[in-house]
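Data first, discussion second: the structure below is written as C-alpha cells.
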Amino acid sequence: MSNDKQTIIGPALTNIPWEDKPAGCDEVAWRYSGNPVIPRDLIPCANSIFNSAVIPFEGKFVGVFRVDDKRRHMQLHCGQSEDGINWRLDNEPIEFICDDPEIAEFICGYDPRVCWIEDRYYITWCNAYRGLPTIGVAWTLDFKEFHQLENAFLPFNRNGVMFPRKINGKFAMLSRPSDNGHTPFGDIFYSESPDMCHWGKHRFAMGALSGQGWQATKIGAGPIPIETTAGWLLIYHGVLTSCNGFNYSAGAALLDIDEPWKVIARTEPYILNPRETYECVGDVPNVLFPCAALADAATGRIAIYYGGADTVVGMAFTQVDELIDFIKANSIA
Ligand code: BMA
C-alpha cells in the first residue's frame with residue numbers, strides 16, 4: 001500500500017459539520033453524538049423523514065428531504081440549515097415546473113440526491129412514472145424553482161446518483177435497475193449523457209456479492225461520489241437478507257477516475273451498519289441508508305447523511321485518508 005496521504009479533489013468547506021472521532025473508537029466512520037439530527041416529526045405533515053440529500057449553498061446548507069406524509073405518500077421537501085445539523089423543512093412539498101404533463105404528473109418521489117455540476121444543482125430521485133419506479137431528474141439554481149427534466153431511464157430503476165462533473169465530456173450517473181417491488185437483486189450500472197436527456201453507453205460497475213453477508217442481496221450507490229487522489233470515492237448501501245427481512249448497511253469503494261465503471265477497491269466489511277436504536281427500530285427496522293455526504297478538501301473531513309430505519313436522518317463522519325486506507329486494506333474487488 002502507498003504511504004502517500006490521499007486527499008479530496010474539490011473545494012474547501014470550512015464550515016463542514018464535524019465532530020472528532022471519540023476516544024477509544026476504532027471504527028473508520030463514527031456517528032454524530034446528537035443523532036438523529038432530523039426527527040420523524042420535524043414538520044406537522046410528516047410520518048417520517050429519512051434518506052435525504054444535502055449540499056452547501058450560499059455559505060450555509062440546503063437539502064431535498066424524503067418526507068413520507070401522514071397519508072403515507074412519499075414526497076420531496078426542501079430544507080435549510082445554518083450549520084448542516086439543525087434543519088428547517090418547508091411544510092409544503094416541492095412542486096416541480098415541467099411543461100410536459102406526462103412527465104409532470106407527480107405520483108410519488110423518494111430517496112433524493114443533490115449534485116452541483118458546472119452551473120446548476122441537479123436533483124435525482126426515485127420517481128413513479130405511471131406508477132413505475134425510475135429516475136426522476138430536475139435542476140434548480142435557487143432551491144425555490146425546480147425544473148423537471150425527462151426521466152433518465154426506463155422503469156424499473158432506483159438510486160440514480162450523478163457524478164459532480166462531466167466525465168470524458170459527458171454527464172455521468174450511477175443507477176440500480178430494479179423491479180416494481182422490494183427488489184431482491186440489484187447491481188450498480190454507469191450511464192452517460194451528452195445533454196441530461198438521452199442516457200446511454202450503459203456499463204456494469206459493481207454487483208451484489210453472493211455469499212458476502214452485508215452486500216449479498218443487492219447494492220446501490222449512496223451519496224454523490226467524492227473525487228480523490230485515489231479515484232472516485234463511492235459510499236454505497238448493501239443489503240443482507242436475514243430471516244427477519246432486509247438489513248441495509250453502508251460500505252465504500254474506489255472507482256477509476258476516467259472510467260468509473262471500473263472498480264479499484266471495495267470494502268469486504270461494512271463501514272456503518274444498523275446498530276443504534278434509531279437505526280434498528282422504526283417504520284422499517286435495521287436500515288442505514290446514506291444519500292449525501294459533505295466533503296472538505298482542506299481537511300479531508302467527510303460528513304455522511306443517512307436514513308435510519310426509514311424514519312429519521314442521522315449523520316456520521318469519516319476522514320478521507322483513513323477511509324481510503326481502510327478500503328484498500330479491506331478490499332474484496
Ligand atoms: C429501498 C428504498 C429505500 C428504503 C429501503 C428500506 O427499496 O425504498 O427508500 O430505505 O428500501 O425500506
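The values are calculated or read from the model by the stated rules, or taken from the named source; none is laboratory data. Since this is a predicted model, take the numbers as computed values, not measurements. Note that each Cβ is placed from the backbone with ideal geometry, even for glycine, and that neighbours are counted across all protein chains shown.
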Collect the residues in region 270-325 that are touching a helix residue (DSSP H, G or I) at 6+ places or on another chain (Cβ under 8 Å), within 16 Å of the ligand (Cβ to nearest atom) and either part of a strand (DSSP E or B) or among the basic types (Lys, Arg) (or both), keeping them in residue-number order. VAL287, LEU288, GLY308, VAL312, GLY314
If you go through region 61-92, how many residues are in a loop (DSSP other than H, G, I, E, B) and under 20 Å from the mean Cα position of the chain (by Cα)? 4
Quick one: count up the residues across region 85-121 that are farther than 21 Å from CYS45 by Cα and crowded, with 22+ Cβ neighbours inside 10 Å. 3
Is it true that some residue in region 97-111 is in a loop (DSSP other than H, G, I, E, B), hydroxyl-bearing (Ser, Thr, Tyr) and either free of Cβ contacts under 8 Å to residues at least 60 places away in the same chain or within 15 Å of the ligand (Cβ to nearest atom) (or both)? no
PRO164 fails exactly one of the following numbered conditions: (1) within 16 Å of the ligand (Cβ to nearest atom); (2) in contact with a Pro (Cβ under 9 Å, 6 or more places away or on another chain); (3) more than 24 Å from GLU279 (Cβ to Cβ). What is the number of that condition? (1)
Determine if region 251-269 includes at least one residue that is within 16 Å of the ligand (Cβ to nearest atom) and aliphatic (A, V, I, L, M). no
Could you check region 16-59 and list, in sequence order, the residues that are in a loop (DSSP other than H, G, I, E, B), aliphatic (A, V, I, L, M) and out of contact with any Phe, Trp or Tyr (no Cβ under 6 Å at 6 or more places or on another chain)? ILE16, ALA23, ALA29, VAL37, LEU42, ILE43
Take the residues in region 2-60 that are on the phi > 0 side of the Ramachandran plot and surrounded by fewer than 20 Cβ atoms within 10 Å (Cβ to Cβ); name whichever of them is farthest from the chain's Cα centre (by Cα). GLY24
Residues that are hydroxyl-bearing (Ser, Thr, Tyr), part of a loop (DSSP other than H, G, I, E, B) and farther than 26 Å from SER249 by Cα: does region 4-15 have at least one? yes
Grab the strands (runs of 3 or more DSSP E) fully contained in region 176-268, keeping just those with 3 or more residues being crowded, with 24+ Cβ neighbours inside 10 Å, under 20 Å from the mean Cα position of the chain (by Cα) and in contact (Cβ under 8 Å) with a residue 12 or more places away in the chain. 218-221, 231-242, 245-255
Some residue of region 198-214 being closer than 30 Å to VAL62 by Cα and modelled with pLDDT under 95: no
